[in-house]
Structure formats: C-alpha cells, structure tokens
Amino acid sequence: MVAKEQLLALKNRILPPGAGPVIELLSQHHQKLEITSIILEHVPLLIIGRHGMIARLPLDGRVNKLSQPPEILEALQRFFELEQTLYVFINLPEIQFPDAVTSVIREIEERVQKRDELMHRIDEALERRDRGAFLRWAQALAELEE
C-alpha cells in the first residue's frame, strides 16, 4: 500500500502531459498500489516517466499495453474494479525551487503553525473559561493575521 501523501507529492515533480488525472485516480486507490524501483515483468504495471506514461494492464483476459493518457485513465478505472495490485514505477525529476521561494514557503508554514497553536490555546482558554488568557491569545492571533 502507498500513502496518499506520497502520491500527491508527485505533483511537486514535472509530470508528463495527461498524468494529473491519472495521479488523482491512483491516490483514490492507493491501497491497491505498490511502488517499485525496477520495471517488473508479468505484473500489472504503470510507468510514469518524464516524457510520458506506459501501462501494462490485464483486462478482458489479455494484457493491454497502453501509452495514451486517456486510454490509460480508462483502463485504470476498469483495472481498479478488480482486486489486484498495481505496481508503479516512477522516474520523474523534482521541481527545483529557487532559494527565495523555498524561504517564503518556510515562512508561511511557520506562520500557519503559529496560527494553529494560537487557535488551540484560544480553545483551551474558552474551555477553562479564562477570559484573560482568551483575550491575550486572541490579540496575539489578530496581530499575527495583520
């Protein structure tokens, strides 16, 4: 089984044309997937590479080899009706973000984490009926959001 987050992290890579809907479908059926680091023979296989995708899926009593995204998507939908495991081989480069962009993303993540922490403290103050703490944390949240 593959974690949904692992599949959705593929969106941070350079996907071939038509791979977006395929990744979405895979994330819906992540419990039927296995990531492989080698190209296997004689098993249901999806290869996602920089320049395209290739699927080898057993449907209608024979193995179908597909390379067009709409065909792959349709065949995968039919394949997932079966109780079989799909092996996925991924060969995609990571998107390289400039340092300035990474820094801004990090700052936003820290701000969101701080906001969540303040919201949690506000909830705790409300549960304790501590008006002073509630007002302090609410003020800190308002300052953070400015």
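Laboratory data are not the source of any read-out in this text; all were calculated from the coordinates shown. Source: prediction; values computed, not measured. In this analysis, Cβ positions are derived from the backbone assuming ideal geometry, glycine residues included, and neighbour counts consider all displayed protein chains.
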- Item | Filter pass, His51 being more than 19 Å from the chain's Cα centre (by Cα), surrounded by fewer than 12 Cβ atoms within 10 Å (Cβ to Cβ) and touching a residue at least 12 places away in the same chain (Cβ under 8 Å) | yes
- May I ask you to verify whether Ile47 is of a type outside the set (S, T, N, Q), closer than 19 Å to Leu7 by Cβ and in contact with a helix residue (DSSP H, G or I) (Cβ under 8 Å, 6 or more places away or on another chain)? no
- Message: Being under 23 Å from the mean Cα position of the chain (by Cα) and surrounded by 11 or more Cβ atoms within 10 Å (Cβ to Cβ): is that true of Arg115 here?
- Response: no
- Determine whether segment 47-54 contains at least one residue that is within 23 Å of Ala9 (Cα to Cα) and assigned to a helix (DSSP H, G or I). no
